[in-house]
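Input: a single structure, listed below in structure tokens.
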Amino acid sequence: MANLIVIGSQWGDEGKGKIVDILSRDADVVVRFQGGSNAGHTVVNRKGTYIFHLIPSGILSRGKLCILGGGVVIDPGALIGELDQLQAQGIKVGRNFMISQRAHVIMPYHKAIDKAAEKAKGSRRIGTTGKGIGPAYVDKMARIGIRMGDLLNPDVFRDKVEDNLVEINNFLRHVYKARGFTPDRIVEEYMKYADRLRSHVADDSLLLHKATENGRHVLFEGAQGTHLDVDLGTYPFVTSSSSCAGGACTGTGIGPTKIDAVLGVTKAYSTRVGSGPFPTELSDAVGEGLQERGQEIGATTGRARRCGWLDAVVLRYAVRVNGCTSLAVTKLDVLDGSRQLKIAVGYRHKGKLYRDMPADLQVLSECEPVYEVMPGWTGSTTAVTSYKDLPQEAKRYLSRIEELTACPIDIVSTGSHREHTIMLKNPMTAIRPRIRIPKVSA
Ligand code: GDP
Ligand code: IMO
Ligand code: MG
């Protein structure tokens, strides 16, 4: 068994929630390491549909410890709403759910700044989820953030809120002509949250260290995707966290040597929500068809997702920067009935051919994809659970993805339901146990 990181290989919404739900069965601990309630991870099983924004998707598997790591930014009101929703759906959440003391708290002013900044940007807006993610990470980096540990200490919390509001109210009122906040109201509201969440707050790094020392297996649930990573994504049209595999270490306090494998999740085509370059975007009936068949509506904001052909340049980059050891390809069924399929294998820009993702956003936004055309299939992949039952052309499509990315496919998903999955190789169990250095007593 392995300590495995699951990340999105594109621009988010690749189906990470479904894959993590399946792999959770073979994990002991499931941990989110970055992002916040901007995420929307959907899991469908016999009992119903669950959409997780903060709580790890592993919560549906019994007996797993679920953790929100220190790299996550937490909107306590949203988290409590999610906990209540889960309880209403019959999912027990108690000591199996922990939150890092180090995780930063999203404050009401973060959401206000997020919305006001987007409005002020006009046509240059990022198209954020409006959940206060960017401003919360700005405060973290500016070293004025408030952490979960601070939330539990009323005096520290009040002092920090009062200090921060001097500058932030000024900024909101004078720069954005928006309303400011009063410390008393925030403190009153957040102290109620503190009471509710207190028993869940712990040291995530220590919990994970003890778990791995005892041979437990950890599944790291990425949110967003490689191309939304603040360092490695299509900056500035990104989120504000480290959504690539590297973020799993800094976002939980576990060392890179403890990681055994990285699974990149990709759709069989591409989607993106919000603004920013998207070379294979289809603004025609084919794109509309993908949007409709794939039900490509954002789980967090309800916005229609932009759709396009699969982009091997995007995937190759994801395999490289995350060190992916294998891939999970989701939503293959959405391509059923397409007469022909296209995969971008390179980009052309001003006569120059790019095989690799250009780092320059200006170049990327002007690139024309170079396509390879493949035949579609007339048979159905929907709900198929065995590779041998896939149409020949679907097998060829999958093999081509492996060739173009130089990365093997471990999992193919053929429907939103848990059972609609082809498990070629389980990345949680396929890895040989790491050699453990015997403990020497002092
Ligand atoms: P995440 O953010 O990466 O977890 O992905 P989302 O949950 O936001 O979006 C993926 C959507 O596709 C969800 O509605 C899933 O239920 C659905 N889904 C996942 N895998 C498949 C699949 O193989 N086929 C189909 N048709 N839907 C899928
Ligand atoms: P999951 O985990 C898809 C996008 C937003 C916007 C940009 C910045 O479900 O894959 P933010 O609110 O984070 O500052 O917005 O990032 N975005 C996502 N797109 N899936 C997500 O999460 C996303 N989380 C943020 O649409 O373009
Ligand atoms: Mg999503």
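Within the same chain, lysines fewer than 8 places from K267 are excluded, and of the rest, those with a Cα less than 23 Å from its Cα are K16, K18, K331, K342, K388, K395, K425.
Under the simplified labelling scheme, the E162-E402 pair shows an inter-label distance of 6.4 nm, with each label point 7 Å from Cα along Cα→Cβ.
Give me S205, S9, S416 sorted ascending by neighbouring Cβ count inside 10 Å, so fewest comes first.
Lowest to highest Cβ neighbour count: S205, S416, S9.
Among K350, K119, the ranking by other beta carbons within 10 Å of each residue's beta carbon, starting with the fewest, stands as K350, K119. A Förster radius of 30 Å, combined with the Cβ-Cβ distance separating K192 from K119, puts the computed FRET efficiency at roughly 0.50. Peptides 123-134, 369-380 ordered by packing proxy, namely the average of other Cβ atoms within 10 Å per residue, highest first: 123-134, 369-380. Cross-link partners of K115 among lysines, defined as those whose alpha carbon lies under 26 angstrom from its own and excluding same-chain residues fewer than eight positions apart: K131, K140, K160, K177, K192.
For region 273-312, the residues whose backbone nitrogen is under 16 Å from a point 7 Å from the Cα of Y354, taken along Cα to Cβ, are 276-281, 311-312. Which distance in nm do the two modelled labels at R173 and R339 give, with both placed 7 Å along the Cα-to-Cβ direction? About 6.4 nm separates the two model spin labels. Annotation: peptides 287-299, 26-38, ranked by per-residue average of other Cβ atoms within 10 Å with the highest first, follow the order 26-38, 287-299.
Arranged from fewest to most other beta-carbon atoms within 10 Å of their beta carbon, K267, K111 become K111, K267. Distances longer than 18 Å among the Cα atoms of region 104-199: what percent of all pairs is that? Every Cα pair in region 104-199 considered, those over 18 Å come to 46 percent.
What's the extension gain from E288 to K210 if we count 0.36 nm per residue and subtract their Cα-Cα distance?
Computed gain between E288 and K210 is 23.2 nm.
What value does the chain have for Rg/Rh, both radii from Cα atoms and Rh as Kirkwood defines it?
0.97
Our compactness index for region 163-267, the C-alpha radius of gyration over the empirical 2.2 N^0.38 Å, is 1.50.
Any read-out appearing in this document is the output of simple, stated calculations on the displayed coordinates, not a laboratory observation. Because the structure is a prediction, the values reported are computed rather than measured. Cβ sites come from the backbone with ideal geometry, for glycine too, and all protein chains shown count toward neighbours.
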